[in-house]
Ligand SMILES: [Zn+2]
């Protein structure tokens, strides 16, 4: 097994344990969706997962099935869900190190940022009587594109007001 498949194999085990605990049916669809979600580079939406299913899956499932399965994956702890205003974004939960993200208020894009500083600050964070599973930090602001667009608008409005 190569290094890239290792985290996916442990997610598969985790999913199996979860479904056994909950006495759920271990359907081939669920494992196929997990396998295909492993092709996603970082954060993905249901639409992007649907596209990956078309490209890589051995059989197709409905959008509703994908959505429900992702909810199951979140409960099982194999996927992280980022609850954005526009649409939920997901990410494989390959490890539980602290993670930081920037979210643009204008276009709603979410990007994972390098967390070396955040990790140092957050990995020793303990809360009494609470078992922390994930440490996710969200920073809200404006992305580069939207900042440029904003500057352009300001310039345009200045010109208009001078006329
Ligand atoms: Zn933006």
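Is it the case, given these coordinates, that residue 111 is within 14 Å of the chain's Cα centre (by Cα) and closer than 30 Å to residue 18 by Cα? In short, yes. Checked against (1) at pLDDT below 95; (2) within 24 Å of residue 35 (Cβ to Cβ); (3) surrounded by 12 or more Cβ atoms within 10 Å (Cβ to Cβ), residue 76 passes all but a single condition, namely (1).
Residue 96 falls short on exactly one of the conditions (1) at pLDDT below 90; (2) more than 22 Å from residue 8 (Cα to Cα); (3) in a loop (DSSP other than H, G, I, E, B), and that condition is (2).
Of 129, 138, which residue is over 14 Å from the mean Cα position of the chain (by Cα) and at pLDDT 90 or above?
Criteria check complete, one pass: 129.
Where helices (runs of 4 or more DSSP H) fall wholly inside the stretch 1-69, the ranges with 2 or more residues that are out of contact with any helix residue (DSSP H, G or I) (no Cβ under 9 Å at 6 or more places or on another chain) are 5-21, 46-56.
Among residues of the stretch 81-104 being touching a residue at least 40 places away in the same chain (Cβ under 8 Å) and more than 12 Å from the chain's Cα centre (by Cα), the one that is surrounded by the fewest Cβ atoms within 10 Å (Cβ to Cβ) is 95.
The values are calculated or read from the model by the stated rules, or taken from the named source; none is laboratory data. The structure displayed is predicted, hence computed values, not measured ones. Quick reminder, even Gly has a Cβ in these numbers, built from the backbone with ideal geometry, and neighbours come from all protein chains shown.
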